[in-house]
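The values are calculated or read from the model by the stated rules, or taken from the named source; none is laboratory data. If you're wondering where the values come from, they're calculated on a predicted model, not measured in any experiment. Here the Cβ positions follow ideal geometry from the backbone for every residue, glycine too, while neighbour counts run over all protein chains shown. For accessibility, only protein heavy atoms count, side chains too; no ligands or nucleic acids. Shrake-Rupley method; radii C 1.70, N 1.55, O 1.52, S 1.80 Å.
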Amino acid sequence: MRYRHQLHRRWRHYGAGAVLNSSRTSWPLVWLLVAAGIVAAFQVGKAPPALPSIREDLDASLRQAGWLLSTVNLMTALGGMVIALTADRMGHRRMVVFGTGLCFVASFASAFATSVDQLLVGRVFEGLGFIAVTAAAPALLLRLVQPSDQRIAMSLWTTYMPVGAGTMMLISALVLPATSWRTTWLVAAGAAAVMLVALLWRAVPARKLDPRPVTRHPVWREMAEVATSGGPLAIAVCFGAYACCWFAVVGFLPTLQVERLGFSTSTAAIVTALVTAVNAAGNLSAGWLLQRGVPRVMMIVGATVPMAFCAAGIFVDGVPDLLRLVLAGLYSAVIGVVPGSLFAAIPVHTPRPDLAGASTGLLMQGSNIGGLLGPPITGALVSAGGWPNAAWLSSVALALVVASAVFLHWRERRKLAT
């Protein structure tokens, strides 16, 4: 009880120092920002189902197809903290609007690309738009909500990726058989255009999103302060290990369905989209459990340990093939408590309240580094010894999640004791 009381006081401290809270949480603006993140994630989800159509239309090689998939993640992995610190100076609201506009322009222009190189350039700008939105929006959310609502709001925010990517994968799988990849790019552009209008109409005039003046330090000094702080670094490592395993499972799920179950490409894409989307259930559960006083470490460890066996069951021999799909859905849903818990930990572990944005950027870098490493490592393991070898990656990655969560718990108790 004393620990929970101290934690609540620290949330109040960060809520008062880091943000300009109003008398009550502005939930319509919270939902608008979450929707902006979902639309930004369309840029991630539209590519995987469209690759066969792109290769046929533009004569793209497998290597070029791989770059089309990974460019958005690569941009975030390289520039997460830099973009977040830029948003601190440029203004988080402006960055969200700018990123949404960039997603619209890049996606719309790329729909008319006549070569793979042009499409790759477009993917670079789509990646910049994606990271601009997703690095800046959490700081705005913390500005909008009361301290008692921060856990719920941050857990709600974490649904942007599974809901956005999953929805766009599902749309792509449904429209591609009758059209081409260009249609999915235009759909993503249209969604971004609608979101841009909504942001200009509701977010730009909102006084609740006005920033509180703070004294800024040199960018490199703030980057070093966040990167060398134990809490944000552990959050980034934990998120990276989680993403490494999750993207490995989801990334190879279509291949597993086509090769072992004989599913068509479109059916495999729909199943993968649904498995991706159910991750949001775990994201929301994390906020609900945190709000009721369940310790973060208990949630992460309690979900990760059994899901390590579940993830291994997806790949090892002797498991019925249809059961593998059930295990993949169960894994995606339950393990979703990890990102929900970690985003909610940022206000507690950031070195200073005004570095919450930079800490979010570091988390995103860790997440996307893990997402970049997971699929190729899995591919190498499978090539070397078959699908059962992929279970080694899931076991090691999820063990790292547990170790990072235990360290965070120790550090959290230590900070609250001072």
Cβ-based charge dipole, region 29-117, positive-most Cα from Pro52, Phe108, Leu33: Leu33
In debye, nearest 20: dipole of region 56-151 around its Cα centre with unit charges on the Cβ of K, R (+) and D, E (-)? 540
Estimated vicinal HN-Hα couplings, Hz - region 73-79 in sequence order (Karplus 6.51, -1.76, 1.60; Gly, Pro = x): 5, 5, 4, 5, 5, 7, x
Note on region 280-349: contact order normalised by length, alpha-carbon pairs under 8 Å, 6 or more apart, percent, works out to 55
Taking the Cα centre of the chain as origin, sum charge times position over the Cβ atoms of Lys and Arg (+1) and Asp and Glu (-1), and report the length of that vector in debye to the nearest 20. 1860
Within the accessible area of the chain (1.4 Å probe), percent carbon and sulfur: 68
Would you please put 148-154, 386-392 in order of how densely packed they are, using the mean number of other Cβ atoms within 10 angstrom per residue and starting with the highest? 148-154, 386-392
Segment Ala399-Arg260, length gained on full extension (0.36 nm per residue, minus Cα span): 47.2 nm
Peptides 261-269, 187-195, 89-97, 338-346: what's the order by average Cβ count within 10 Å, highest mean first? 338-346, 187-195, 89-97, 261-269
Ala36: net charge of surrounding residues, Cβ under 11 Å, Lys/Arg +1, Asp/Glu -1, itself excluded? +2
Most to least packed among 200-207, 233-240, 51-58, 38-45 [average Cβ atoms within 10 Å]: 38-45, 233-240, 51-58, 200-207
Whole-Å distance linking the alpha carbon centroid of region 180-196 with that of region 319-371 is 27
By how many nm would the segment from Leu323 to Leu120 grow when fully extended, if each residue of separation counts as 0.36 nm and the alpha-carbon distance is taken off? 69.4 nm
With every protein chain in place, the accessible area of Leu102 for a 1.4 Å probe, in Å² rounded to the nearest 10, comes to 30
Roughly how many nanometres apart are two label points built 7 Å out from the Cα toward the Cβ at Ser383 and Arg182? 3.4
Positive-pole candidate from Ala344, Ala312, Ser367, dipole of region 298-418, charges at beta carbon: Ala344
Scoring the chain by relative contact order with C-alpha pairs under 8 Å, at least six apart, yields a percentage of 26
Within region 257-365, DSSP-loop trypsin sites (Lys or Arg not before Pro) with at most 15 other C-beta atoms within 10 Å are Arg292
Taking Cα extents along the principal axes in Å as the quantity of interest, determine which of (1) 57, 47, 35; (2) 64, 55, 53; (3) 62, 59, 48 was computed from the displayed structure. (1)
In Å², what does the accessible area per residue of the chain work out to with a 1.4 Å probe? 40
Between Gln291 and Arg221, what is the FRET efficiency for a Förster distance of 45 Å, r being their Cβ-Cβ separation, to the nearest 0.05? 0.80
Residue by residue through region 88-97, which ³J(HN,Hα) values in whole Hz follow from phi under the Karplus form 6.51 cos²θ - 1.76 cosθ + 1.60 (θ = phi - 60°), with glycine and proline marked x? 4, 8, 6, x, 5, 5, 4, 5, 5, 5
Residue-wise HN-Hα coupling along region 280-290, computed from phi with Karplus coefficients 6.51, -1.76, 1.60 (Hz; x: Gly, Pro): 5, 4, x, 4, 5, 4, 4, x, 5, 5, 4
How much mean residue ellipticity at 222 nm does the chain get from its helices, if each DSSP H run of length 4 or more adds -39500 (n - 2.57) and you divide by all residues, to the nearest 500 deg cm²/dmol? -27000 deg cm²/dmol
Computed lengthening from Trp392 to Leu78, 0.36 nm per intervening residue step minus Cα-Cα distance: 110.4 nm
